[in-house]
1. Closer than 30 Å to Y229 by Cβ and in contact with a helix residue (DSSP H, G or I) (Cβ under 9 Å, 6 or more places away or on another chain), is that true of F314?
2. Whether any residue in segment 166-187 is small (G, A, S), open to solvent by less than 30 Å² (accessible area, probe 1.4 Å) and more than 18 Å from the chain's Cα centre (by Cα) is what I want to check.
3. List every residue pair whose Cβ atoms lie under 8 Å apart, where the two residues are 6 or more positions apart in sequence or sit on different chains, the first residue falls within segment 249-261 and is crowded, with 19+ Cβ neighbours inside 10 Å, and the second residue, located anywhere, is among the hydroxyl-bearing types (S, T, Y) and in a helix (DSSP H, G or I).
4. Quick test of your reading of the structure: V239 fulfils all but one of (1) assigned to a helix (DSSP H, G or I); (2) open to solvent by less than 20 Å² (accessible area, probe 1.4 Å). Name the failing condition by number.
5. Restricted to segment 314-328, and to residues that are closer than 12 Å to G155 by Cβ and open to solvent by 40 Å² or more (accessible area, probe 1.4 Å), which residue is nearest to the chain's Cα centre (by Cα)?
6. Output yes when any residue across segment 299-313 is outside any helix (DSSP H, G or I) and crowded, with 22+ Cβ neighbours inside 10 Å, and no when none is.
7. Quick one: in segment 222-263, of everything that is of a type in the set (K, R) and over 25 Å from the mean Cα position of the chain (by Cα), which residue is nearest to R58 (Cα to Cα)?
Amino acid sequence: MKLSVVLLCALVTIQAALLAAPSAEASGLKLGYYNKKCRGVENVVKGHIIRAIKKNPRVGPGLVRLVFHDCFVRGCDGSVLLDKSAQNPHPEKEAPANIGLAAFDILEMIKADIEKRCPGVVSCSDILVYAARDATKILSKGHINYDVPAGRLDGLVSSAYEAQAELPDSTFTAQQLIENFARKNFDVEELVILSGAHSIGMAHCSSFKGRLTAPADQITPAYRNLLNYKCGQSANPLVVNNVRDEDYNTVATFMPGFKSRVRKIRDLFDNSYYHNNLARIVSFNSDWVLMTHKEARGHVHEYADNATLWNDDFGESMIKLSKLSMPAGSKGGIRKKCSIVSHPLH
């Protein structure tokens with residue numbers, strides 16, 4: 001009898017908490033959100049990212065991709081960071097669109113450090129947004145520099161089905177891309193701006209297999225041959241997005257005229273994506289199709305001609321991306337570990 005009363009009271013308490021908890025969407029974001037709550041947290045994140053990229057340069061592009069894949073599904077709530085659990089048996093990580101996502105371990109390391117300093121205060125979703133901002137600045141040699149507001153809550157839900165439905169696919173047509181981005185309130189120009197992130201990073205061959213047989217008016221034959229060679233080396237290998245990051249000998253073999261543009265240090269975050277698109281040396285179909293749409297094509301030319309403009313506009317678009325909120329009525333809190341739902345509701 002006593003046990004039943006205790007359980008009943010507990011259920012009433014939980015129900016009351018759920019009803020009283022404000023929507024995560026209503027949480028106000030602001031610059032310097034943690035100035036008094038967890039002083040110096042942005043510097044802590046920055047320090048970790050500087051060290052991580054110095055140790056493994058691939059971390060930087062991984063974080064830029066990760067924040068997009070988080071925010072485009074259920075808003076910026078850290079849902080992409082959650083592991084499989086009874087509550088989320090098929091999390092976003094399992095979605096085909098999320099193949100190759102990385103840098104989860106870095107975020108867990110940062111979270112553990114911050115928890116020691118300010119337990120239960122800083123959300124994983126804010127850490128990811130800060131980390132991607134810092135990685136962007138580092139990879140662009142300081143040319144892309146923007147501030148992001150904070151105050152996000154970590155979500156409870158993570159669904160591979162939802163991620164697959166919400167994220168843009170590399171096989172999309174221009175119209176499908178435009179409609180996909182419009183659902184998040186991004187226009188054609190912002191679609192083109194954010195696509196510029198493909199100047200860095202890598203992709204599995206399965207993400208651009210249609211390009212391996214695309215006609216010459218869609219992809220430069222020499223580049224197509226290079227991609228076929230790289231994709232034939234093993235089962236679904238990773239290939240760099242930007243041909244200038246390819247190894248010198250491969251470029252010398254398939255694209256000798258491009259040898260002088262090969263970089264010893266990979267992943268310089270700049271407007272080279274737009275030059276590559278104009279030259280038909282981009283790997284994704286979703287990149288090339290921007291050239292089939294009049295307005296999008298105009299912006300590709302615009303950003304190829306003006307690197308400074310793209311730097312500024314990319315920063316503004318990332319700020320807008322970081323403000324995508326969780327679905328109305330969603331609940332959230334602060335996780336102890338970024339991969340596990342372990343927080344009380346707020």
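The values are calculated or read from the model by the stated rules, or taken from the named source; none is laboratory data. Please read these numbers as outputs of a predicted model, since none were measured by experiment. When we count neighbours, we look across all protein chains shown, and the Cβ atoms used for this are built from the backbone with ideal geometry, even at glycine. For the accessible areas, the whole protein counts, side chains as well, though only heavy atoms, and no ligand, DNA or RNA atoms are used. Shrake-Rupley method; radii C 1.70, N 1.55, O 1.52, S 1.80 Å.
1. No, not satisfied.
2. yes
3. Listed pairs, sorted by first residue: F254/Y223; F254/Y229; M255/Y223.
4. Only one criterion is unmet by V239, namely (1).
5. Out of the qualifying residues, it is S325.
6. no
7. Per the criteria, the residue is R261.
Residue by residue, here is whether (1) within 20 Å of A112 (Cβ to Cβ); (2) buried (at least 20 other Cβ atoms within 10 Å of the Cβ) holds:
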residue: K36; (1), (2): no, no
residue: V41; (1), (2): yes, yes
residue: V45; (1), (2): yes, yes
residue: H48; (1), (2): yes, yes
residue: K54; (1), (2): yes, no
residue: V59; (1), (2): yes, yes
residue: G62; (1), (2): yes, yes
residue: R65; (1), (2): no, yes
residue: D70; (1), (2): yes, yes
